[in-house]
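Asker: Below you'll find the structure I mean.
The values are calculated or read from the model by the stated rules, or taken from the named source; none is laboratory data. Remember, predicted model here, so these are calculated numbers, not experimental data. Ideal geometry is used to build each Cβ from the backbone, glycine not excepted, and the neighbour counts take in all protein chains shown.
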Amino acid sequence: MPEGKTCLIVGAGPGNGLAIARRFNQGGYRVALLARSPDNLRRLQEMLPAAHCQRCDVTLPDELARAIVSVRADLGQVAVMIYNAGSGMFGSIDDVSAEDFEAAWRVNALGCFHAVCQVLPDMRSAGGGNIVIIGATASKRGSAAFAAFASAKGAQYNLAQSLARHLGPEGIHVSYAVIDGVIGLERTRARLPDKPEEFFLQPDDIAAAVYDVTQQRRSAWTFEFDLRPFAERW
């Protein structure tokens, strides 16, 4: 039981972020959640009072650094980081602007880079740790209407692969979750009222898979894992 260890979730919301936080809390971890939206943070704090919740924009490196320093001061060194921040700039090259393209990259790739840089000293001093990056199918293929998002997720995926190869020898396990499907949230169900329940990915089930990959033994680490309901075409 990892009693007393800290799990940091960067980019938390009431879906995956909250579910992951609850799962790690059940596993004996102290949890910290960073989110850009004050409304999200209030809801998260109400639903998980034991969590350290703090506002943070991952596109602002100094703000991200201050937030992680605060987490460390409150909860101790970070043993597990889940990078869940994502930005959906959808549209073809005829639809998205250069600003949209850059913004997607800043959230998905550059923000991840800065977050990893902030937690690496903790993991290195402890002799190991876990970094899980929450990705998407767009990291593997660029659909016509995903010019900005797929490019950003592709950059994120390649960063994760580089990190895994570089940090593995130091005992730091880096893994990448390819989320393939629609997550079952109130807003997605309202938008897709005709879809059956088995069409949706359940946040608690995603959280269970993310938790499990951080508990693997070093001789059989997973780098990339796909999560999808059976109804999803692939």
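Asker: Read through the list (1) over 21 Å from Val107 (Cα atoms); (2) modelled with pLDDT under 90; (3) in contact with a Phe, Trp or Tyr (Cβ under 8 Å, 6 or more places away or on another chain); (4) not basic (Lys, Arg), then give the number of the only condition that Phe200 fails.
Answerer: (3)
Asker: Next question, about the same structure. Answer yes or no as to whether Asp122 is farther than 30 Å from Glu197 by Cα, touching a residue at least 12 places away in the same chain (Cβ under 8 Å), surrounded by 14 or more Cβ atoms within 10 Å (Cβ to Cβ) and among the charged types (D, E, K, R).
Answerer: It is true that Asp122 is farther than 30 Å from Glu197 by Cα, touching a residue at least 12 places away in the same chain (Cβ under 8 Å), surrounded by 14 or more Cβ atoms within 10 Å (Cβ to Cβ) and among the charged types (D, E, K, R).
Asker: Could you list, in sequence order, the residues of segment 131-153 that are within 19 Å of Val10 (Cα to Cα) and either out of contact with any strand residue (DSSP E or B) (no Cβ under 9 Å at 6 or more places or on another chain) or surrounded by fewer than 23 Cβ atoms within 10 Å (Cβ to Cβ) (or both)?
Answerer: Ala136, Ala152
Asker: Pairs please, first residue from segment 157-174 and touching a residue at least 40 places away in the same chain (Cβ under 8 Å), second anywhere and assigned to a helix (DSSP H, G or I) and basic (Lys, Arg), Cβ atoms under 8 Å, 6+ apart in sequence or on different chains.
Answerer: Going by the 8 Å Cβ cut-off, the qualifying pairs are Glu170/Arg124; Gly171/Arg218; Ile172/Arg124; His173/Arg218.
Asker: Counting only residues that are assigned to a strand (DSSP E or B) and under 23 Å from Cys7 (Cα atoms), how many does segment 127-175 have?
Answerer: 12
Asker: Condition first: in a loop (DSSP other than H, G, I, E, B), surrounded by fewer than 13 Cβ atoms within 10 Å (Cβ to Cβ) and among the acidic types (Asp, Glu). Now tell me which residues in segment 189-234 satisfy that.
Answerer: Matches in segment 189-234: Asp194 only.
Asker: So, of the residues in segment 54-71 that are in contact with a Cys (Cβ under 7 Å, 6 or more places away or on another chain) and without any contact (Cβ under 8 Å) to a residue 40 or more places away in the chain, which turns out to be surrounded by the most Cβ atoms within 10 Å (Cβ to Cβ)?
Answerer: Among those residues, the one meeting the criterion is Ala67.
Each row is one residue, and each column tells you yes or no for (1) farther than 27 Å from Glu102 by Cβ; (2) under 20 Å from the mean Cα position of the chain (by Cα); (3) not hydrophobic (A, V, I, L, M, F, W, C).
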residue	(1), (2), (3)
Met123	yes, yes, no
Ser143	no, no, yes
Tyr157	no, yes, yes
Val174	no, yes, no
Pro203	yes, yes, yes
Ile206	yes, yes, no
Val210	yes, yes, no
Phe223	yes, yes, no
Arg228	yes, yes, yes
